[in-house]
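Quick notes on the structure that follows.
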Amino acid sequence: MKSHLLRIYKNKKSMLIFWFILFLPLMDLAQLYNETLKLGVSYNPLIASFLTGSTQGHIGQMLLFWFLPIYLLIMCSDDYIQDTENGYNSILISKLGKKTYIRNKLLISFFAPGLTMLIALTLNLIMSVLLFTTELEGSALSSFFQTNWSGNKLADLSQSYPLTVYIVFLLNVSLMTGFAGLLGASISMIIPYRKYTYPLTFFVWFIQITLNNSIIGIFQPFTEYGFNNLLPILVRSLVILLMIPLISYIYKVKTDEL
Amino acid sequence: MKKAKNIKLVKLVITFGLLAAIFIPVTSTLAAENYYDYAFTIKAYQANTKSGGLYRETTNTSNRWRVSMYESTESSGKDITRFWLSGSDNTKLSPSSDVLEDNGPYYADAYSSASQRTVYLTAENNNYNANSYACYGYWDEETN
């Protein structure tokens, strides 16, 4: 596992994706800060943070979240395909045993993306707190916090504990990023050909984005959606994103490849 | 002879004065609170939607514009749509305003670049998903 992390670290393509995921939320912040400097619009740190999506056009969020598994495949999830191409998997399987090898592959493709996203979003939040100082009441786009949300428990909670709610969403997004990496790894294990793995992974992810109850709902805090909207989305996404790795793991352990 | 010319001048001044007295109040009421209807289809994939243009006469940035949304078909509950003013070249002329369905008008300032030019009400989904939906309500480019 350690060698696998080192392999990600030493790979220029993987590190390029790492820096990309790290910089995109900061670029989003820079866009809002630019608006503050030029036009004097004041933002609250939580409203200016990446997940809230205050920038016009949401380009950063779309670039990052809509195509997430593709980046993660390039970063580390498709390592299995690389292994099969140069026969490295046979060496590792005879050294570690098949179960350990596959488990390590899946664990790495869960934790490396998840941690990357956690670092990127936390950095974005810290920078936002440093750059923006306005109170919620005086901030642009703060109408969410001044609305009376009767019957919407999540919105009430967001008004009382905005930072806690934001952090819960942040952890949830990191978790989902981990699952997106896992999705790529599982599909590349079932079908170890790049030209099928990439489109299939993208399709499974993107259909969840375009559905009427989009997975984006559980990514974005401070919206009009309450628990009654978000819990079914969370359950559905977890079922999809857990089933595919599970099937892949069982299939891979049961079949013989050497 | 000289006196008659003066009288003519006085008559002229009075006539124009009267005309001005009639027309100036009329033109200044143009900037009062108006209810211009809009009906938008918020496009999928975060594309922007624009209304017809209105001339914003004021040079005062704190002469606020407003927008209200009667109804939106985004979800079964109350929904939010994001509005701002833009120019014909799609430049942003005001800060954005997140408007909740059926919750009265929302007021916001404009940038100085919005002074004395035609402005368009522009909208996009506040959620960064791919949904498309319809919404309608009223807006006004200046309220004072």
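Here, each number is a calculation from the coordinates, and none is a lab measurement. What you see is a predicted model; the values in this text were computed from it and never measured. Here the Cβ is made from the backbone with ideal geometry for all residues, glycine too, and neighbour counts use every protein chain on show.
Below is a table of values for the structure above.
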read-out	value
Computed [θ] at 222 nm, helices only, for chain B once each DSSP H run of length n ≥ 4 contributes -39500 (n - 2.57)	-6500 deg cm²/dmol
Normalised contact order of the range A:95-221, rounded percent, pairs of Cα under 8 Å and 6 or more residues apart	35
Binned Cα-Cα distance frequencies in chain A - 10 Å width, integer %	7, 29, 31, 20, 10, 3, 0
Reciprocal mean inverse distance between Cα atoms of the range A:112-207 - Kirkwood radius, Å	16.2
Total lysine pairs under 21 Å (Cα atoms) in chain A, excluding pairs fewer than 8 apart on one chain	22
Crossing angle, helix A:98-131 versus chain A [Cα axis fit, 0-90 degrees, rounded to tens]	20
Alpha-carbon Rg with Dmax, taken over the range A:26-70, Å	11.3, 37
FRET efficiency, 1/(1 + (r/R0)^6) with R0 45 Å, evaluated for A:Asp156 and A:Ile59 via beta carbons	0.90
Chain A: calculated mean residue ellipticity at 222 nm from DSSP helix runs of at least 4, using -39500 (n - 2.57)	-23500 deg cm²/dmol
Projected label distance in nm at B:Lys50 and A:Glu135, using a 7 Å step from Cα toward the beta-carbon	3.9
Sorted largest first, extent of the range B:46-94 alpha carbons per principal axis (Å)	40, 22, 15
Gain upon complete extension [A:Met15, A:Lys95; 0.36 nm per residue less C-alpha separation]	26.1 nm
Contact order normalised by residue count of chain A, Cα under 8 Å, 6+ apart, percent	27
Magnitude of the charge dipole, chain B, Cβ model with Lys/Arg +1 and Asp/Glu -1, debye to 20	1420
Dipole moment magnitude, nearest 20 debye, the range A:60-130 about Cα centre, only Lys, Arg, Asp, Glu C-beta charged	340
Pair A:Phe23, B:Tyr138: separation of 7 Å Cα→Cβ label points (nm)	4.9
Ellipsoid equivalent to chain B - semi-axes via the Cα gyration tensor, in Å	44, 14, 11
Cα-based convex hull volume of the range B:97-144 per residue, rounded to whole Å³	116
